[in-house]
């Protein structure tokens, strides 16, 4: 029996030499532990989230040259690696005028100093964050290779778990009487997905009566409209679907499965722990890619900014996080003191920058331009948010190497309960894919995990408010309390639920008001900073709707 290593590594789009170096390190580490075969993630050489780099002939060709170089790294063991492949004589059939090469999502088996076999991904997903038919042509069949008396089938991600496709890569492997299957994956993280992923692969192992070795990408990468996180959790199953190996979550690992197999118990991950680890990893990777070390955020003393501050400290270190609290004539002493207490608990620097004088000066100027007219109430509220946004952006200009974190959550963004060019200013929205209820859950988990009240109980227990007018509460400004709105918004965004179904749980008025707010704020959402995807219905590419209103078909 072969010793097989699951090399769960990070792989960066565009960084071919860097990826080659990391792959080489993983191979050497696996070989030192006695591995006969090393299985790397999908597109490990080129980087999975490459976007339109796949249309660069030079980029794809450079990777193919490095593939030959990689084959010489480990002549005495087998390496299964993902990469881009193409034929320069063929073009994408969808638009020949663009002269794009016909690119494949490929996996090659390297051994004896050469490429022994190459297979192309057959099933190309175009749902959720995937857009693979934009980049790849569908392959004809997976690769099968004989190595050390074992016939090995090689599958790429969707080819293993995809359903309802006309082609069947699994049936092809079954006809070839393979002894085992290795699967290269770039399976993104979202809450609850790991359990489904594991169950799908377990089902395939039992039906095929073959061991399956599943290697997954780890890290956080630009998905064009937001950060896409990959949780790793590579694993191996025996022919009966029993787990015999399980790698760590959210970090790199080279896991070697030896000849002595033991069943590894499967336990479902804790949701808040997963979300926390995903967000911390994504913040860290976002700043690293941007070559920035420091973060600034507006710390209001409310729940959202408190959670973002805690996440930023976990990702970057307290010495690299600065908070600015910007009280106005509306700000209560309770929220102001809580902002300083949060900063103290987290060990971050905080400064106070009152907006009151700038707000009063603006009001006087406003009157002179509008014939003495008093500003509309919404104008008054938005101006406060925009002064704060301008001050925070000012700080990033004065402190090079600093990025602004915005603190809005998914429920508010979905409903448009935020201010363009105000509290929506920022480079990254760490909790932009968390509904309001989940923000509270995460705050409680952060305190529990720390064994200390990093986020004060007063912040968690206080009724949420933007504090932009006297006596304001979010509940009074929105159609319902967050306890009702958060799950309703998620149902609408994440599923194709009908109004008839919604009426079983919510009032007609609440449904109508919520749908209207979601519909009319699509344009505002398009201008939001990128969020970190942690749910299966994140705003952006997963929920593309036309701007405007009156079109809702539910």
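In the stretch 458-474, the residues that are free of Cβ contacts under 8 Å to residues at least 40 places away in the same chain reach residues that are part of a helix (DSSP H, G or I) and surrounded by fewer than 18 Cβ atoms within 10 Å (Cβ to Cβ) with C-beta atoms within less than 8 angstrom, at least six apart or across chains, in these pairs: 463/475.
Could you check how many residues of the stretch 16-36 are in a loop (DSSP other than H, G, I, E, B) and exposed (fewer than 15 other Cβ atoms within 10 Å of the Cβ)?
Restricting attention to the stretch 16-36, the residues satisfying the condition of being in a loop (DSSP other than H, G, I, E, B) are 33-36.
So of that shortlist, the ones also exposed (fewer than 15 other Cβ atoms within 10 Å of the Cβ) come out as 33-34.
Count: 2.
Do we have residue 513 as surrounded by 13 or more Cβ atoms within 10 Å (Cβ to Cβ) and either more than 22 Å from residue 540 (Cα to Cα) or without any contact (Cβ under 8 Å) to a residue 12 or more places away in the chain (or both) here? Against the criterion (surrounded by 13 or more Cβ atoms within 10 Å (Cβ to Cβ) and either more than 22 Å from residue 540 (Cα to Cα) or without any contact (Cβ under 8 Å) to a residue 12 or more places away in the chain (or both)), residue 513 does not qualify. A single member of 525, 536 is part of a loop (DSSP other than H, G, I, E, B) and either under 24 Å from the mean Cα position of the chain (by Cα) or in contact (Cβ under 8 Å) with a residue 60 or more places away in the chain (or both), and it is 536. Of all residues assigned to the stretch 172-194, at least one qualifies as being crowded, with 23+ Cβ neighbours inside 10 Å, over 23 Å from residue 119 (Cα atoms) and either at pLDDT 95 or above or within 21 Å of the chain's Cα centre (by Cα) (or both). Residues in the stretch 541-554 that are part of a loop (DSSP other than H, G, I, E, B) and either under 20 Å from residue 485 (Cβ atoms) or modelled with pLDDT of 80 or more (or both): 545, 547, 549, 552, 554. Checking every residue in the stretch 452-469 against the condition of being farther than 30 Å from residue 359 by Cα and outside any loop (DSSP other than H, G, I, E, B) gives at least one match. Of the listed requirements (1) outside the structural domain of residue 409 (by TED's automatic domain parsing); (2) in contact (Cβ under 8 Å) with a residue 24 or more places away in the chain, residue 246 misses just one: (2).
Could you say whether any residue in the stretch 241-260 is part of a loop (DSSP other than H, G, I, E, B), within 20 Å of the chain's Cα centre (by Cα) and buried (at least 19 other Cβ atoms within 10 Å of the Cβ)? Steps first, please.
Start the filter on the stretch 241-260 by keeping residues that are part of a loop (DSSP other than H, G, I, E, B), which leaves 241-242, 247-248, 250-252, 258-260.
Then drop every residue that is not within 20 Å of the chain's Cα centre (by Cα), which leaves 247-248, 250-252.
Keeping just the survivors that are buried (at least 19 other Cβ atoms within 10 Å of the Cβ) gives 247, 250.
Looking for residues that are part of a loop (DSSP other than H, G, I, E, B), within 20 Å of the chain's Cα centre (by Cα) and buried (at least 19 other Cβ atoms within 10 Å of the Cβ), one finds at least one in the stretch 241-260, hence yes.
Being out of contact with any strand residue (DSSP E or B) (no Cβ under 7 Å at 6 or more places or on another chain), on the phi > 0 side of the Ramachandran plot and modelled with pLDDT of 90 or more: is that true of residue 451 here? Yes, satisfied.
Yes/no per residue for (1) over 26 Å from residue 126 (Cβ atoms); (2) out of contact with any helix residue (DSSP H, G or I) (no Cβ under 8 Å at 6 or more places or on another chain):
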site	(1), (2)
29	yes, yes
42	no, yes
48	no, yes
72	yes, yes
77	yes, no
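Might you check whether a residue that is closer than 16 Å to residue 468 by Cα and under 30 Å from the mean Cα position of the chain (by Cα) occurs anywhere in the stretch 323-342? Break it down stepwise before answering.
Step one: filter the stretch 323-342 for residues closer than 16 Å to residue 468 by Cα, giving 325-336.
Imposing the further condition that a residue be under 30 Å from the mean Cα position of the chain (by Cα) reduces the set to 325.
The answer is yes; a qualifying residue exists.
Take the residues in the stretch 343-353 that are closer than 26 Å to residue 420 by Cβ and loosely packed, with under 15 Cβ neighbours inside 10 Å; name whichever of them is nearest to the chain's Cα centre (by Cα). Per the criteria, the residue is 351.
Restricting attention to the stretch 203-232 and to residues that are in a loop (DSSP other than H, G, I, E, B) and under 15 Å from the mean Cα position of the chain (by Cα), the residue that is surrounded by the most Cβ atoms within 10 Å (Cβ to Cβ) turns out to be 217.
Quick check: anything in the stretch 419-427 within 21 Å of residue 272 (Cβ to Cβ), at pLDDT 95 or above and in a loop (DSSP other than H, G, I, E, B)? The answer is no, given that none of the residues of the stretch 419-427 is within 21 Å of residue 272 (Cβ to Cβ), at pLDDT 95 or above and in a loop (DSSP other than H, G, I, E, B). Filter the stretch 146-168 for residues that are under 20 Å from residue 196 (Cα atoms) and either outside any loop (DSSP other than H, G, I, E, B) or touching a strand residue (DSSP E or B) at 6+ places or on another chain (Cβ under 6 Å) (or both) and give the result. Across the stretch 146-168, the qualifying residues are 155, 156, 157, 158, 159, 160, 161. Residues that are modelled with pLDDT of 90 or more, assigned to a helix (DSSP H, G or I) and under 21 Å from residue 304 (Cβ atoms) do occur in the stretch 493-516.
The values are calculated or read from the model by the stated rules, or taken from the named source; none is laboratory data. Because the structure is a prediction, the values reported are computed rather than measured. Methodologically, a virtual Cβ is constructed for each residue, glycine included, from the backbone with ideal geometry; neighbour enumeration extends over all protein chains shown.
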